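**Student:** Take a look at this one; I'll ask things after.
The values are calculated or read from the model by the stated rules, or taken from the named source; none is laboratory data. Since this is a predicted model, take the numbers as computed values, not measurements. When we count neighbours, we look across all protein chains shown, and the Cβ atoms used for this are built from the backbone with ideal geometry, even at glycine.
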Amino acid sequence: MEIPVYVFTGFLESGKTRFMQETLEDARFNAGERTLIVQCEEGLEEFDPSAFAKPNVYIYNIETIQELTRENLEAARKKYRAVRVLVEYNGMWKLSDLYDAMPEGWVIYQQIMLADANTFLTYNTNLRALVVDKLTGCEMIAFNRAKRGEVDVMAYHKIVRGISRSADIAYEYTDGKVEYDDIEDPLPFDLDAPVVEIADQDYAIWYRDLSQEQKKYDGKTVRFVGRCAVNEKMPQDCIVVGRHVMTCCVEDIQFSGLVLQWKNDGSVQNRDWVRVTAKIALRYHKIYRGKGPVLTAISVEPAQEPEQEVATFY
């Protein structure tokens, strides 16, 4: 049985409990389904089950990361015979710990981040890696307690868009009104050009956009500079080309590469820099272990290492 999971993230006192409380008070969301709340963090505000639109909502507390296990989660779900789960997640825990602990059949349907507009910039400065961790997979971030005229929305916009181009951004002001971020972010390359030229400084932005919106790149021809990953385990008719990308800090640098369909005659070695011109097609490839952007080479030429070896979003 598939169990829908709704994840609410954010740091302490960011408004997670209140947002979840209001969600469960809405009869359009809470029509009486047996619902399990997995509460991994308790702040000053508490749930008020008497105000929920319908009953059949049960709360299970997890106090330490060691308690976050498949066995405990599934045991709690079975105890209350829940058919869906809402998770109030601890902002100091990495989301990968939750993903690893999810029992078989549990599927994330939605992930929302809540943030106090008055403290978010401080958290971003001091706990940047955890901010990135929460923003990477969220579908919406809601900045609450915002004071109209005092919030520099561009500062928040840049932080979010530096991590995710797809997350919706909402501002909940202290006067009760909610506004959505409608700032446009044009891509720094021309997607309508016969050959989409990716400048060295734009690789990280391009790779993220390609990863999040693969369909719009299907059939496009691109040209970029990347580093080759070649080893004997790869199929003989392809290599991987990409760049090391840093999202927030040195600790999170990772190689972000793409499958290039091209028969290497031995002229290209592992870690060589090349300028690739290739056509993108979305299809299955065993290196991806699924469907992904497969590049078919038009030309592969030696290239100079970029001035900045590690690609960033800044």
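**Student:** Those residues that are among the β-branched types (Val, Ile, Thr) and in contact with an Asp or Glu (Cβ under 9 Å, 6 or more places away or on another chain), I need them from region 63-93; list them, please.
**Tutor:** Residues satisfying the conditions are 65, 83.
**Student:** While we're here: Out of curiosity, is residue 182 surrounded by fewer than 15 Cβ atoms within 10 Å (Cβ to Cβ), of a type outside the set (Phe, Trp, Tyr), without any contact (Cβ under 8 Å) to a residue 24 or more places away in the chain and in contact with an Asp or Glu (Cβ under 8 Å, 6 or more places away or on another chain)?
**Tutor:** no
**Student:** Given the residues 79, 54, which is the only one that is free of Cβ contacts under 8 Å to residues at least 24 places away in the same chain and of a type in the set (Lys, Arg)?
**Tutor:** 79
**Student:** If you take the residues of region 53-84 that are of a type outside the set (A, V, I, L, M) and in a loop (DSSP other than H, G, I, E, B), which of them is surrounded by the most Cβ atoms within 10 Å (Cβ to Cβ)?
**Tutor:** Out of the qualifying residues, it is 56.
**Student:** Now, a different point. Within region 272-308, how many residues turn out to be among the basic types (Lys, Arg), under 18 Å from residue 207 (Cβ atoms) and surrounded by fewer than 13 Cβ atoms within 10 Å (Cβ to Cβ)?
**Tutor:** Of the residues in region 272-308, 1 are among the basic types (Lys, Arg), under 18 Å from residue 207 (Cβ atoms) and surrounded by fewer than 13 Cβ atoms within 10 Å (Cβ to Cβ).
**Student:** Since residue 213 meets every condition but one in (1) among the acidic types (Asp, Glu); (2) under 27 Å from residue 113 (Cβ atoms); (3) modelled with pLDDT under 90, which condition does it not meet?
**Tutor:** For residue 213, the failing item is (3).
**Student:** Also, quick follow-up: All but one of (1) under 26 Å from the mean Cα position of the chain (by Cα); (2) in a strand (DSSP E or B); (3) β-branched (Val, Ile, Thr) hold for residue 276, so report the exception by its number.
**Tutor:** Going through the list (1) under 26 Å from the mean Cα position of the chain (by Cα); (2) in a strand (DSSP E or B); (3) β-branched (Val, Ile, Thr), residue 276 breaks only (1).
**Student:** Same structure, new question: Of the residues in region 191-200, how many are part of a loop (DSSP other than H, G, I, E, B) and surrounded by 11 or more Cβ atoms within 10 Å (Cβ to Cβ)?
**Tutor:** So the count comes out to 5.
**Student:** Just checking, how many residues over region 22-52 are surrounded by fewer than 17 Cβ atoms within 10 Å (Cβ to Cβ) and either among the small types (Gly, Ala, Ser) or not in a loop (DSSP other than H, G, I, E, B) (or both)?
**Tutor:** Result for region 22-52: 9.
**Student:** In this structure, is residue 261 surrounded by 15 or more Cβ atoms within 10 Å (Cβ to Cβ), over 30 Å from residue 140 (Cα atoms) and among the polar types (S, T, N, Q)?
**Tutor:** In short, yes.
**Student:** Only residues that are farther than 23 Å from residue 195 by Cα, touching a residue at least 12 places away in the same chain (Cβ under 8 Å) and assigned by TED's automatic domain parsing to the domain that holds residue 214: list them for region 276-308, please.
**Tutor:** Across region 276-308, the qualifying residues are 285, 286, 287, 288.
**Student:** Ok, one more. Which of the numbered conditions does residue 151 fail, given that it passes all the others? Conditions: (1) modelled with pLDDT under 95; (2) out of contact with any helix residue (DSSP H, G or I) (no Cβ under 7 Å at 6 or more places or on another chain); (3) surrounded by fewer than 15 Cβ atoms within 10 Å (Cβ to Cβ).
**Tutor:** Tallying (1) modelled with pLDDT under 95; (2) out of contact with any helix residue (DSSP H, G or I) (no Cβ under 7 Å at 6 or more places or on another chain); (3) surrounded by fewer than 15 Cβ atoms within 10 Å (Cβ to Cβ), residue 151 fails exactly one: (3).
**Student:** Quick check on region 151-171. Is at least one of its residues assigned to a helix (DSSP H, G or I) and assigned by TED's automatic domain parsing to the domain that holds residue 241?
**Tutor:** No, the conditions are met nowhere in region 151-171.
**Student:** Considering only residues that are of a type in the set (D, E, K, R) and surrounded by 18 or more Cβ atoms within 10 Å (Cβ to Cβ), look in region 85-117 and name the one that is farthest from residue 47 (Cα to Cα).
**Tutor:** 116
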